[in-house]
Amino acid sequence: MAEALTIARPYAQAAFLFANTHQALGEWSEMLALLAAIAADPDMAGLVDSPRLTEAQRADLFIDIGAERLNEKGRNFIRLLAENRRLKLLPEIAALYEIQRREAEKTVRAELISAFPASDTHKAAVTEALKMRLGREIELDCSTDPALLGGAIIRAGDLVIDGSVRGKLERLGGTLNH
């Protein structure tokens, strides 16, 4: 995995620099997310590995699937990746691009996992608290996990706040065992 990230990094940086220069960060995020999803599909992975296809045919396959959602520069990027046999790295390229984009836009993607669906008021409070703590805009993704029993877990970058009942019980159990 580390090797794939190392190889993907210059492509992600090039895409970011181009998109940032042309004020198209959002457009490139969408294109790269689409291309990453295409590359991650097991059937596509088989075609990308097929010795029967040329690099141009592999690129055309991605371009045909992406169709009108890819602009000319996005199609050129696909051709470059195909030429260098890097189409499989699209998920890593997209992830690295998003890290750079969030850094440039001073945003952080945070995840709120709660035992029950969070209310809009709760989401707003969590977003505001994280914004004050991290000094960045927050993109909050919410999900539920009944196994938490109650409370919530918040993840934002390296920050993890476990306020779940399950987490508290596990910490209590660990304390009692020592």
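Brief remarks on what is shown
- Residues in the range 14-34 that are surrounded by 14 or more Cβ atoms within 10 Å (Cβ to Cβ), more than 13 Å from A95 (Cβ to Cβ) and of a type in the set (S, T, N, Q): N20 only.
- Options E68, E105, E72; residue that is surrounded by fewer than 17 Cβ atoms within 10 Å (Cβ to Cβ) and modelled with pLDDT of 90 or more: E72
- Filter result (aliphatic (A, V, I, L, M), part of a strand (DSSP E or B) and either buried (at least 16 other Cβ atoms within 10 Å of the Cβ) or more than 21 Å from the chain's Cα centre (by Cα) (or both)) within the range 127-167: I138, L140, A152, I153, I154, A156, I161
- Per the conditions (1) more than 19 Å from L47 (Cβ to Cβ); (2) among the acidic types (D, E); (3) assigned by TED's automatic domain parsing to the domain that holds R9; (4) surrounded by fewer than 16 Cβ atoms within 10 Å (Cβ to Cβ), the sole criterion not satisfied by E98 is (4).
- Checked against (1) acidic (D, E); (2) loosely packed, with under 13 Cβ neighbours inside 10 Å; (3) at pLDDT 90 or above, E55 meets all criteria but (2).
- Residue in the range 111-126 that is in contact (Cβ under 8 Å) with a residue 24 or more places away in the chain, touching an Asp or Glu at 6+ places or on another chain (Cβ under 9 Å) and not in a strand (DSSP E or B) present: yes
- Of the residues I38, I7, I63, the single one that is of a type in the set (V, I, T), part of a helix (DSSP H, G or I) and in contact (Cβ under 8 Å) with a residue 60 or more places away in the chain is I7.
- Evaluation of A94 against the conditions (1) at pLDDT 95 or above; (2) more than 22 Å from the chain's Cα centre (by Cα) shows that the sole unmet condition is (2).
- In the set (1) touching a helix residue (DSSP H, G or I) at 6+ places or on another chain (Cβ under 7 Å); (2) under 25 Å from R101 (Cα atoms), A115 fails one condition alone, (2).
The values are calculated or read from the model by the stated rules, or taken from the named source; none is laboratory data. Note that this is a predicted model, so its numbers are computed, not measured. Quick reminder, even Gly has a Cβ in these numbers, built from the backbone with ideal geometry, and neighbours come from all protein chains shown.
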